[in-house]
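Q: Below is the structure I would like to discuss, written out as structure tokens.
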Amino acid sequence: MNLDVNKIRKDFPILERQVHGKPLVYFDNGATTQKPLCVLETIRSYYSSHNSSIHRGVHFLSEQSTEKYEHARETVRKFINARSANEIIFTSGATGSINTVAFSFGERYIGRDDEVIVSEMEHHSNLVPWQMMCERKGARLKVIPFDEQGILDMNWYSKAFSERTRIVAVTHVSNSLGTVNPVAGIIRIAHQHGVPVLLDGAQAIQHGQVDVQQLDCDFYVFSGHKVYGPNGIGVLYGKEQLLYELPPYQGGGDMVDCVTFEKTTYNILPFKFEAGTTNYVGAAGLQTALEYISGIGLERIAAWEKKLLDYATGMLQSINGLRIYGQAPEKISILSFLIDNVHQYDAGMVLDKLGIAIRTGSHCTQPVMDHFRISGTLRASLVFYNTMEEIDRLYEGLLKVKQMFGS
Amino acid sequence: MYALSVNEVQDKIIQEFSLFDDWLDKYDYLIELSNDLPLISPEYKTNQHLIEGCQSRVWLHGELDGSRIRFTADSDAIITKGIISLLIRVLSDREPPEIIGADLYFIDRIGLKENLSPTRSNGLLAMLKQMKLYAIAYQAKLNK
């Protein structure tokens, strides 16, 4: 059954607003997605009727808040098909999740001259935390290259392992190229060498079904705000045994079992990794968001986004002098591009005044820009509430850009 | 010849921009102005003179001509270049105290304020600071 995009758009009040006197075309979904009314209502009603800190009080509201929080955890578990709710850690976002693993895994398993494999297309969030850890430990990064289409060199990867390889951290979907990486193969090869894999799912989770058991990944991370949920909430999935073995990342309240000045013992999973008052309202909002997209159906969402991608690709390619960066056969609805002799910032500024919100710059993937020897791109990232008419608006806007800058 | 003060030039720019209702017309004008920018000479277009922004890059050079500072610049983005051209029109060829004391209200009045916000990271705000730093440095030199 097809997706009724006009009906869906009514769930997102912000899509009705105007920008610079023009109806908003929101194509910056890769940076953050808009929130449906049900998520807004969850946050409003949480603060107006249920707010209380979790895991603390004996009183009614605190118990209810705790139940809601654990219910949200269970919803996330089901959504990604984790074995146990102990494997779901709430964090501040994908960045927070990766920093947790980079620190805790690094402390436990990484020493001098050890190796961490990442890819050339990582978001800075899945690169810098590993670099910081490597600097601390005297370890080093190995970087899987990609080709002109934006496809990882699996041949290089399969030969990259040594006795010193400790972990592979790769993005599931590239935020600047749109490439869907062959993660099943990446995981299989790593496991043949006994090396665990972390997948950065920040750009994958909102575009299709993720099953962590089927993938057999060891860690999976994503952000709530990129999957129609609130800001400041994210998820770290880790296999229970691995999480059990890792030391905690941050210390504080709730992550402890028994505290004395001589010795502190830590709480059980998943609480060991949730120091301080967690973002329980964010967790409830994320739960609502996941239920919302599950209700629409991830397959239907993916099918509509594929149509958007195909149409947008055709329209953009018909513009003389426009080059799309990232042409992998397996990609999601992200289009990174440049127009000959037009700076991305100039184009972005003109599109903005036409009411079209797209991202310009390096998209936190400077090595990807370096690969193509460019300073940045324009990026249109489309999701299921976007329409063909909006793509037409972008197309017309780009023609206007060409005309203004004499390209 | 009577030279216009900083504020007189600013008021003139505000008047010029008041002719445009449409944003794209303003941008067209900035594109036109980008051609007037006194370009930095290639020998100075180096990393030492580069003001790195996340969105666009700006090169700036200031040199003393008598008691006045003359600025030259460039950018990889044309609209940024147009805005630089305005900043130079207001601040270049002036004595250091004028530059140091200048209160640039025209940017806000012609609706380009967001281009000089710290969050935009296009090099312009840093460029403006750099222009004032040049003025402070040359002022010290002149006072010696």
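Q: On the basis of being among the hydroxyl-bearing types (Ser, Thr, Tyr) and in a helix (DSSP H, G or I), does B:TYR2 make the cut?
A: no
Q: Has the stretch A:218-229 got at least one residue that is among the charged types (D, E, K, R), farther than 20 Å from A:GLU122 by Cβ and modelled with pLDDT of 95 or more?
A: no
Q: Consider A:GLY30 against the criteria (1) crowded, with 16+ Cβ neighbours inside 10 Å; (2) assigned to a helix (DSSP H, G or I): it satisfies all of them except one. Which criterion is unmet?
A: Among (1) crowded, with 16+ Cβ neighbours inside 10 Å; (2) assigned to a helix (DSSP H, G or I), the lone unmet condition for A:GLY30 is (2).
Q: Next question, about the same structure. Look through A:ARG300, A:ARG323 and report the one residue that is basic (Lys, Arg), more than 29 Å from A:VAL235 (Cα to Cα) and out of contact with any helix residue (DSSP H, G or I) (no Cβ under 6 Å at 6 or more places or on another chain).
A: None of the others qualify; the one that does is A:ARG323.
Q: Turning to a different aspect of this structure: Could you tell me how many of the residues in the stretch A:222-241 are in contact (Cβ under 8 Å) with a residue 12 or more places away in the chain and among the polar types (S, T, N, Q)?
A: The qualifying residues number 2.
Q: If only one of A:ALA312, A:ALA328, A:ALA302 is over 30 Å from A:SER407 (Cβ atoms) and of a type outside the set (Val, Ile, Thr), which one is it?
A: Unique residue meeting the criteria: A:ALA302.
Q: Suppose we keep only residues that are in a strand (DSSP E or B) and aliphatic (A, V, I, L, M) within the stretch A:148-177. Which one would you say is surrounded by the most Cβ atoms within 10 Å (Cβ to Cβ)?
A: Across the stretch A:148-177, the extreme among qualifying residues is A:VAL168.
Q: Suppose we filter B:ARG70, B:ARG89 for residues that are out of contact with any helix residue (DSSP H, G or I) (no Cβ under 8 Å at 6 or more places or on another chain), of a type in the set (D, E, K, R) and either more than 14 Å from chain A (Cβ to nearest Cβ) or not in a loop (DSSP other than H, G, I, E, B) (or both); which single one remains?
A: Of B:ARG70, B:ARG89, the one residue that is out of contact with any helix residue (DSSP H, G or I) (no Cβ under 8 Å at 6 or more places or on another chain), of a type in the set (D, E, K, R) and either more than 14 Å from chain A (Cβ to nearest Cβ) or not in a loop (DSSP other than H, G, I, E, B) (or both) is B:ARG70.
Q: Are there any pairs, at least 6 apart or on different chains, whose C-beta atoms fall under 9 Å, with the first in the stretch A:131-157 and of a type in the set (Lys, Arg) and the second loosely packed, with under 14 Cβ neighbours inside 10 Å, and if so, which?
A: Between residues of the stretch A:131-157 that are of a type in the set (Lys, Arg) and residues that are loosely packed, with under 14 Cβ neighbours inside 10 Å, the close pairs are A:LYS137/A:GLY111; A:LYS137/A:ARG112; A:ARG140/A:ASP113; A:LYS142/A:SER162.
Q: Every residue in the stretch A:155-176 that is more than 22 Å from the chain's Cα centre (by Cα) and under 16 Å from A:LEU199 (Cα atoms), please.
A: Once the filter is applied, which keeps residues that are more than 22 Å from the chain's Cα centre (by Cα) and under 16 Å from A:LEU199 (Cα atoms), the stretch A:155-176 yields A:TYR157, A:ARG166.
Q: Follow-up question, since we're still on this one. A:SER53 fails exactly one of the following numbered conditions: (1) part of a loop (DSSP other than H, G, I, E, B); (2) free of Cβ contacts under 8 Å to residues at least 60 places away in the same chain. What is the number of that condition?
A: Exception for A:SER53: condition (2).
Q: Residues that are closer than 29 Å to B:ILE78 by Cβ, within 14 Å of another protein chain (Cβ to nearest Cβ) and among the hydrophobic types (A, V, I, L, M, F, W, C): which helices (runs of 4 or more DSSP H) entirely in the stretch A:294-401 hold 1 or more of them?
A: Counting at least 1 such residues, we get A:344-353, A:366-372.
Q: Which residues, taken from the stretch A:249-284, are part of a helix (DSSP H, G or I) and farther than 22 Å from A:VAL101 by Cβ?
A: The answer is A:TYR280, A:VAL281, A:ALA284.
Q: Now a separate question. Kindly provide the set of residues from the stretch B:1-46 that are polar (S, T, N, Q) and away from chain A (no Cβ under 14 Å), ordered by number.
A: Passing the criteria: B:SER5, B:ASN7, B:GLN10, B:GLN15, B:SER18, B:SER41, B:THR46.
Q: Would you tally the residues in the stretch B:47-58 being away from chain A (no Cβ under 14 Å) and touching a His at 6+ places or on another chain (Cβ under 7 Å)?
A: Qualifying residue count for the region: 1.
Q: Next question, about the same structure. If you check B:ILE99, B:ILE79, which single one turns out to be more than 14 Å from chain A (Cβ to nearest Cβ), over 9 Å from the mean Cα position of the chain (by Cα) and of a type outside the set (Ser, Thr, Tyr)?
A: Just one listed residue meets the conditions, B:ILE99.
Q: For A:PRO13, only one of the following conditions fails: (1) crowded, with 21+ Cβ neighbours inside 10 Å; (2) under 30 Å from A:GLU396 (Cβ atoms). What is its number?
A: (1)
Q: When only residues in the stretch A:209-221 that are under 13 Å from A:ASN81 (Cβ atoms) and in contact (Cβ under 8 Å) with a residue 60 or more places away in the chain count, which is surrounded by the most Cβ atoms within 10 Å (Cβ to Cβ)?
A: A:TYR220
Q: A further question follows. Based on this model, can you work out whether A:GLN203 counts as at negative phi and surrounded by fewer than 23 Cβ atoms within 10 Å (Cβ to Cβ)?
A: No: the conditions fail for A:GLN203.
Q: Looking at A:LEU141, A:LEU198 in this structure, which one is crowded, with 24+ Cβ neighbours inside 10 Å and among the hydrophobic types (A, V, I, L, M, F, W, C)?
A: Answer to the check: A:LEU198.
Q: Still on this structure, please answer the following. Within the stretch B:44-88, work out how many residues are of a type outside the set (Ser, Thr, Tyr), in contact (Cβ under 8 Å) with a residue 40 or more places away in the chain and surrounded by fewer than 20 Cβ atoms within 10 Å (Cβ to Cβ).
A: Number satisfying all stated conditions: 4.
Q: So which of A:GLY361, A:GLY314, A:GLY355, A:GLY406 ends up being at pLDDT below 95, of a type outside the set (Ser, Thr, Tyr) and more than 25 Å from the chain's Cα centre (by Cα)?
A: Answer to the check: A:GLY406.
The values are calculated or read from the model by the stated rules, or taken from the named source; none is laboratory data. Here the structure is a predicted model, which means the values were calculated and not measured. Every residue, glycine as well, gets a Cβ built from its backbone with ideal geometry; the counts of neighbours run over all protein chains shown.
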